[in-house]
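Read-outs: derived from the displayed coordinates by stated rules, not from any lab. As the structure is a prediction and not an experimental result, all values here were calculated from the model. Every residue, glycine as well, gets a Cβ built from its backbone with ideal geometry; the counts of neighbours run over all protein chains shown.
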Amino acid sequence: MVRVLATGTFDLLHPGHLRYLSEAKFLGDELYVIVARDSMVKHKPKPIIPEHQRLIMVQALRIVDKAVLGSEKNMFEPLYEIQPDIIALGPNQFFKEEELEAQLREHGINAKVVRIRSLEQCELCSSAAIIRRILDRNNR
């Protein structure tokens with residue numbers, strides 16, 4: 001059994017999330033997903049949807065075998081229990097594959113890092129685009 005791990009904030013689920021998770025699932029037999037904790041989102045605006053609600057939404061997706069909240073201390077902590085064979089990065093996630101693989105090795109995690117290259121192209125295929133649309137409509 002090849003266990004694939006995908007991670008993300010998953011604020012305001014949209015087709016881009018579904019494409020990323022579907023492509024990740026295609027890489028193996030089981031898809032585990034780590035949903036970022038509110039406190040750990042530092043590279044973009046804080047999520048609008050609370051973390052437990054985002055977790056419930058991701059868990060409800062048929063392609064996801066198991067979803068968990070990430071650690072509030074160390075992003076590698078959940079990986080010790082999950083034991084992924086492959087970590088799938090989304091097309092716009094900020095990690096560099098080689099650097100992440102090196103960090104994983106330092107933590108004793110032997111997972112291969114694979115970048116999902118396909119990107120869902122639609123007007124509202126990002127949480128930021130959805131938020132902009134809502135704000136635009138409210139400012140009319």
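Odds and ends about this structure:
- Within a straight-line Cα-Cα reach of under 14 Å, Lys44 can be paired with the following aspartates and glutamates, leaving aside sequence neighbours fewer than 8 residues apart in one chain: Asp11.
- Within the chain, antiparallel bridges make up roughly 0 percent of the DSSP beta bridges whose residues both belong there.
- Calculated FRET value between Tyr80 and Leu124, using beta carbons and R₀ = 25 Å, to 0.05: 0.10
- Cα-Cα P(r), the range 77-140, percent of pairs per 5 Å interval: 4, 15, 18, 16, 11, 10, 11, 7, 5, 2, 0
- Mean residue ellipticity at 222 nm, helices only, the chain: -10000 deg cm²/dmol; runs of at least 4 DSSP H residues each add -39,500 (n - 2.57), and the sum is divided by the number of residues.
- By the rule of a C-alpha distance below 21 Å, with chain neighbours fewer than 8 residues away ignored, the lysines paired with Lys42 are Lys73, Lys96.
- Between the range 6-70 and the range 108-140, the alpha-carbon center distance in angstrom: 12
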